[in-house]
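One structure is given here, and the rest of the page talks about it.
The values are calculated or read from the model by the stated rules, or taken from the named source; none is laboratory data. These numbers come from a predicted model, not from an experiment. All Cβ positions, glycine included, derive from the backbone under ideal geometry; neighbour counts span all protein chains shown.
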Amino acid sequence: MNWTFFHRMASPKWFYDFSGRLLPWVGMLALGCVVIGLTWGLLFTPPDYLQGNSYRIIFLHVPAASLALTIYSGLAVTAAIGFIWKIKLADMAVSCLAPIGASFCALALITGAIWGKPTWGTWWVWDARLTSVLILQFLYFGLIALREAFDSRETAARACAILAMVGLVNLPIIKFSVEWWNTLHQGATIRVAGESSMAMEMLIPLLTSIAGFYLFTLFVFLLRIRAEILNREQNTAWVRGLLGANF
Amino acid sequence: MTLRGLVRGLGCILRRDLRLAFRNRGDLMNPLVFFFLVASLFPLGVGPSPDVLRIIGGGVVWVSALLANMLALDSLFRSDYEDGALEQLMLSPLPLSLVAVTKVLAHWLVTGLPITLVAPVIAIMFGLPAEALPAIVATLLLGTPMLSLVGAIGAGLTVGLRKGGILLSLLTLPLYIPVLILGTGAIDAAANGFPWSAHLMWQGALLALGITFAPLAIGASLRVSVSG
Amino acid sequence: MYFEDLNTLITMGGHGLYVWTAYGLGLLVMVWNVLVPLRHRRRVAADVGRRMRRERAQQEAAE
């Protein structure tokens, strides 16, 4: 195993150069997949026989909900790595991932509500999935608020890492308990129609859209962390050389 | 450090915290009064209909206990942090995670335990059937220590901040949800004459998990707050 | 294309408002996610540039 690769990756300057080369490719690929997946879902798939056209929100809702959960897990693992090995770049990644994840979590909640109105007849049902996404949103807000409360960047990094790790341990417990709570209280057990068997002509655009949104997240994450690297390293010679060329 | 020394050191901390709590009667009574106050707001909010109150009773007891516990947490480490006692404790040879768990135990003895003992009174005021009362006491007995353990992580993270109160609630309340669901689930089951031992076992499992891992996180969070 | 004309595409059998609102919000979230880092980067670059200019001016004044 070649460990020097990891050490190089943890160096902000190396990561900045490397991500700069990656950025245009990720951006183009993300744009392509999102545009194809969403236009396909919006214009070219037949309507669902139960829900009519409102189900087209699925091409937006499912990627957002999936990303909200994935980003939190990724953020917590990154935080743990940064906490244990004291890697500055890992904390920059955590601080960049939290707002992206929170924005997708909010999108999943809002599109879920908009989807619920024509499908279930109400904007909100206390369904197990919507409820756990709502709790995930609170976890994101807590993480963002904790970071902003500290003056020192190092203290904030370590505090946020602890909170993220505790949140990661709790996430499956919350998920199971909410699902259990939902089965206990009958009356709110409305299942999303079409979740078990989905026609191929709907599944392929959905998968394209999910891939597109994941790539898009990688793209905006790279944009964010590059700006954050410049911000935190602005007293180093290489950043001054890079930005000073314009002045 | 020998086991005897460890037990004696932790016993000292426990006695000190309890003595401090009993010297300040206000701090001892306030969470209890708050618990009663919040619970009595619900009938005023939803109306005095006995049918409605019977349905929401279990949830009200738990939500009130949750809020009372959370508000009391802010003071868990604060005075020790402000007068430097916390730093002294961290310099001592006692493992910080055990010191933290002892302080949590002392805190639970003066807040969580009294709440557990008076909760049946509120349950009776809400018209819950007698079968639900053992479930209320048992779930609170297993649940409130878990709340204190999880909340202590948040209290440790925010102890160095001037306006930690509302932030503390934002951090800890989402993590309280599994305990709340299990507690109210058991009370509901008991009130309707169903067995509720499964809920209790799950709560016990959560508590075992909490006692194992939370002290490490509390210790780490205190280190972050004190050493900056 | 599934829809016959522009009108059915917009109304979507009565669900148009819901679908298009959701997609509009989705677009909003994506644009926000791109704009925030770009603005942050511009601000950092401006800060660094301003500081370098000031330092250069101080140097020249000293000479």
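Exactly one residue out of B:Leu182, B:Leu141, B:Leu113, B:Leu200 is touching a His at 6+ places or on another chain (Cβ under 7 Å) and touching a residue at least 24 places away in the same chain (Cβ under 8 Å): that is B:Leu182. Being among the aliphatic types (A, V, I, L, M) and within 14 Å of another protein chain (Cβ to nearest Cβ) holds for only one residue in B:Ala132, B:Ala123, B:Ala152, and it is B:Ala152.
Selection within the stretch B:118-129: residues that are on the phi < 0 side of the Ramachandran plot and not β-branched (Val, Ile, Thr). The member of this set that is farthest from the chain's Cα centre (by Cα) is B:Pro129. For the stretch B:44-72, give me each residue that is within 11 Å of B:Ile122 (Cβ to Cβ) and without any contact (Cβ under 8 Å) to a residue 12 or more places away in the chain. Across the stretch B:44-72, there are no qualifying residues. Entry remark, the stretch A:126-137: residues being touching a helix residue (DSSP H, G or I) at 6+ places or on another chain (Cβ under 6 Å) and more than 7 Å from every other protein chain (Cβ to nearest Cβ) number 7 in total. Scanning the stretch C:30-44 for residues that are under 9 Å from the mean Cα position of the chain (by Cα) and either facing chain A (nearest Cβ under 8 Å) or acidic (Asp, Glu) (or both) yields a total of 7. Of everything in the stretch B:1-36, what is surrounded by 13 or more Cβ atoms within 10 Å (Cβ to Cβ) and closer than 16 Å to B:Ile122 by Cβ? Give them in sequence order. The answer is B:Pro31, B:Leu32, B:Phe34, B:Phe35, B:Phe36. Within the stretch B:130-141, can one find any residue that is outside any helix (DSSP H, G or I) and touching a Lys or Arg at 6+ places or on another chain (Cβ under 8 Å)? There is no residue in the stretch B:130-141 that is outside any helix (DSSP H, G or I) and touching a Lys or Arg at 6+ places or on another chain (Cβ under 8 Å). Please tell me if C:Glu55 is closer than 29 Å to A:Arg232 by Cα, more than 8 Å from every other protein chain (Cβ to nearest Cβ) and free of Cβ contacts under 8 Å to residues at least 12 places away in the same chain. Here the answer is yes, as C:Glu55 does meet what is asked.
Comparison of B:Ile211, B:Ile177 shows that the only residue that is within 9 Å of chain A (Cβ to nearest Cβ) and part of a helix (DSSP H, G or I) is B:Ile177. Cβ separations smaller than 6 Å between residues 6+ apart or across chains give the following pairs from the stretch A:228-239 residues that are under 22 Å from C:Val34 (Cα atoms) to residues that are of a type in the set (Phe, Trp, Tyr): A:Ile229/A:Tyr16.
Just the residues that are assigned to a loop (DSSP other than H, G, I, E, B) and either free of Cβ contacts under 8 Å to residues at least 60 places away in the same chain or buried (at least 22 other Cβ atoms within 10 Å of the Cβ) (or both), please, taken from the stretch A:40-61.
Answer for the stretch A:40-61, where residues must be assigned to a loop (DSSP other than H, G, I, E, B) and either free of Cβ contacts under 8 Å to residues at least 60 places away in the same chain or buried (at least 22 other Cβ atoms within 10 Å of the Cβ) (or both): A:Pro47, A:Tyr49.
Criterion applied to A:Gly37, A:Gly82 was being in contact (Cβ under 8 Å) with a residue 24 or more places away in the chain, in a helix (DSSP H, G or I) and within 14 Å of chain C (Cβ to nearest Cβ), and the one residue passing it is A:Gly37. Taking the criterion of being facing another protein chain (nearest Cβ under 7 Å) and part of a helix (DSSP H, G or I), the residues of the stretch C:10-22 that qualify are C:Met12, C:Gly13, C:Tyr18, C:Val19, C:Thr21, C:Ala22.
Here the condition is being at pLDDT below 90 and of a type in the set (Asp, Glu); of B:Asp17, B:Asp74, it holds for B:Asp74 alone.
Residue check, A:Tyr140 against (1) within 14 Å of chain B (Cβ to nearest Cβ); (2) without any contact (Cβ under 8 Å) to a residue 24 or more places away in the chain; (3) within 22 Å of B:Thr172 (Cα to Cα), all met but one. Which one? Against the list (1) within 14 Å of chain B (Cβ to nearest Cβ); (2) without any contact (Cβ under 8 Å) to a residue 24 or more places away in the chain; (3) within 22 Å of B:Thr172 (Cα to Cα), A:Tyr140 comes up short only on (2). When B:Trp202, B:Trp196 are checked against the criterion of being more than 10 Å from chain A (Cβ to nearest Cβ) and among the aromatic types (Phe, Trp, Tyr), a single residue qualifies: B:Trp196. Residues considered: B:Leu175, B:Leu207, B:Leu167. Of these, the only one that is more than 19 Å from B:Gly58 (Cβ to Cβ), of a type in the set (A, V, I, L, M, F, W, C), without any contact (Cβ under 8 Å) to a residue 24 or more places away in the chain and surrounded by 15 or more Cβ atoms within 10 Å (Cβ to Cβ) is B:Leu167. Filtering the stretch A:10-27 to residues that are in a helix (DSSP H, G or I) and either more than 29 Å from A:Ala79 (Cα to Cα) or in contact (Cβ under 8 Å) with a residue 40 or more places away in the chain (or both) leaves A:Pro12, A:Lys13, A:Phe15, A:Tyr16, A:Ser19, A:Gly20, A:Leu22, A:Leu23, A:Val26, A:Gly27. Among the residues of the stretch A:121-134, none qualifies, meaning not one is at pLDDT below 95, β-branched (Val, Ile, Thr), part of a helix (DSSP H, G or I) and surrounded by fewer than 17 Cβ atoms within 10 Å (Cβ to Cβ). Among the numbered conditions (1) among the charged types (D, E, K, R); (2) within 14 Å of chain B (Cβ to nearest Cβ); (3) over 19 Å from the mean Cα position of the chain (by Cα), the only one that A:Lys117 does not meet is (2).
Between C:Gly26, C:Gly14, C:Gly49, the distinction of being farther than 20 Å from A:Leu97 by Cα and surrounded by 12 or more Cβ atoms within 10 Å (Cβ to Cβ) belongs to C:Gly49 only. Looking across the stretch A:85-98, the residues that are surrounded by fewer than 18 Cβ atoms within 10 Å (Cβ to Cβ) and either within 9 Å of another protein chain (Cβ to nearest Cβ) or assigned to a helix (DSSP H, G or I) (or both) come down to A:Trp85, A:Lys88.
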